[in-house]
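Below is one structure, written out as structure tokens; comments come after it.
The values are calculated or read from the model by the stated rules, or taken from the named source; none is laboratory data. Quick caveat, the model's predicted, so the values are computed rather than measured. No Cβ is skipped: glycine too gets one built from the backbone with ideal geometry, and neighbour counts run over all protein chains shown. Side chains are part of the model used for accessible areas, which takes the heavy atoms of the whole protein and leaves out ligands, DNA and RNA. Shrake-Rupley method; radii C 1.70, N 1.55, O 1.52, S 1.80 Å.
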Amino acid sequence: MQGGSIELASQTNAVRNGPLPDLVLATDMTNLPAWLALTRGTLPARFRTVLYMHENQLTYPWRPGEKPDLTYAMINWLSQLSADTVVFNTAYHRRSWFAELPNLLKHFPDFNHLELIERVESRTRVLPVGIDLQEANRRQEGQDSPLILWNQRWEYDKRPDRFFNLLYKLEETGHDYKLAVAGENFRNVPVEFEEAATRLAHRVEHWGYLPSRKAYLALLQKADLVVSTAEHEFFGISILEAVQAGAFPLLPNRLSYPELIPAELHAACLYSDDEDLFAKAVRRLELPRTAPPSLRSAVRKQYIWPVVARAYDQLFAELTIESAAVGQ
């Protein structure tokens with residue numbers, strides 16, 4: 001976030017003789033005003049900019065013992081101020097950002113420009129990330145033990161301790177299941193995974209990062225139950241991927257998850273606390289079933305790429321038409 005705009009500007013300036021953009025889409029990891037300043041001799045005086053907030057550095061949880069560095073949250077805010085349109089991946093993400101933003105700006109003794117919050121919020125949209133369309137889960141009744149899936153990052157904010165505590169309790173109470181733990185970790189592997197790899201070795205069907213996209217999708221096709229115990233989630237791509245492949249989801253009744261699941265399925269798919277999660281997991285192990293057809297249909301209608309791409313195309317077309325109409 002500190003140096004990326006320099007490299008991106010260098011690459012942009014290297015193609016100064018090529019076609020000029022009508023619109024630029026930047027992610028929240030980009031220092032947009034810095035990039036705009038560094039490319040001012042190459043790009044046209046005016047073009048549309050869209051900032052996509054897949055995550056943010058203000059409400060993203062810090063690791064235990066880490067001291068928050070508000071510099072990165074300010075990069076997000078300055079980028080939002082610079083963009084013509086700001087897009088969030090979920091309504092939950094948008095709400096949580098604007099709820100916390102005043103507290104960030106109030107750190108300044110003066111000139112905190114709180115009045116700009118409403119102006120920026122008025123030019124925001126919510127557009128999800130797209131996922132690939134999957135075929136139905138291939139599990140047949142009477143097949144092997146139900147397969148429980150973890151397919152998220154191996155990070156503290158996904159609360160693997162809660163996930164493995166659920167599995168230990170299922171083990172202690174005599175419930176049969178198989179376990180697949182996929183995902184990736186870019187730093188140190190949380191100790192919970194090391195302990196679980198030993199304690200649950202007899203349950204493991206897969207453990208670790210998969211070598212290819214094809215292998216990952218094949219694993220999703222085998223999963224019966226996908227569980228999230230996350231403390232933080234702005235969207236939930238991996239959960240939707242598993243659901244689209246047929247896995248039944250058990251998710252916290254908070255964060256972005258209530259948006260992903262149709263309201264009529266909240267009672268079946270969302271849990272309120274650890275006891276509720278255990279009870280719902282037991283039910284799904286005793287009565288295995290794939291994701292309800294209505295849930296998979298809802299995912300297809302809202303989140304597969306052909307649908308999502310059309311929404312992006314429409315937004316970009318609107319912005320470029322507006323730009324042309326005012327002679328920019």
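Selection within segment 82-115: residues that are without any contact (Cβ under 8 Å) to a residue 24 or more places away in the chain and of a type in the set (Asp, Glu). The member of this set that is surrounded by the fewest Cβ atoms within 10 Å (Cβ to Cβ) is Asp110.
Does segment 17-29 contain at least one residue that is assigned to a helix (DSSP H, G or I) and in contact (Cβ under 8 Å) with a residue 60 or more places away in the chain?
Scanning segment 17-29 turns up no residue that is assigned to a helix (DSSP H, G or I) and in contact (Cβ under 8 Å) with a residue 60 or more places away in the chain.
Exactly one residue out of Tyr271, Tyr303 is among the aromatic types (Phe, Trp, Tyr), touching a Pro at 6+ places or on another chain (Cβ under 8 Å) and free of Cβ contacts under 8 Å to residues at least 40 places away in the same chain: that is Tyr271. Give the residues of segment 116-125 that are surrounded by fewer than 16 Cβ atoms within 10 Å (Cβ to Cβ) and either free of Cβ contacts under 8 Å to residues at least 12 places away in the same chain or touching a strand residue (DSSP E or B) at 6+ places or on another chain (Cβ under 6 Å) (or both), sorted by residue number. Glu118, Arg119, Ser122, Arg123, Arg125 - these are the residues of segment 116-125 that are surrounded by fewer than 16 Cβ atoms within 10 Å (Cβ to Cβ) and either free of Cβ contacts under 8 Å to residues at least 12 places away in the same chain or touching a strand residue (DSSP E or B) at 6+ places or on another chain (Cβ under 6 Å) (or both). Determine whether segment 173-185 contains at least one residue that is exposed (fewer than 15 other Cβ atoms within 10 Å of the Cβ), touching a residue at least 12 places away in the same chain (Cβ under 8 Å) and under 20 Å from Ile239 (Cβ atoms). Yes: segment 173-185 contains one or more residues that are exposed (fewer than 15 other Cβ atoms within 10 Å of the Cβ), touching a residue at least 12 places away in the same chain (Cβ under 8 Å) and under 20 Å from Ile239 (Cβ atoms). Within segment 240-281, being in contact with a helix residue (DSSP H, G or I) (Cβ under 7 Å, 6 or more places away or on another chain), open to solvent by less than 20 Å² (accessible area, probe 1.4 Å) and assigned to a helix (DSSP H, G or I) holds for Leu240, Ala242, Val243, Gln244, Ala245, Leu260, Leu277, Ala281.
Every condition in (1) farther than 18 Å from Arg125 by Cα; (2) surrounded by fewer than 20 Cβ atoms within 10 Å (Cβ to Cβ); (3) touching a helix residue (DSSP H, G or I) at 6+ places or on another chain (Cβ under 7 Å) holds for Gly65 except the one numbered (3).
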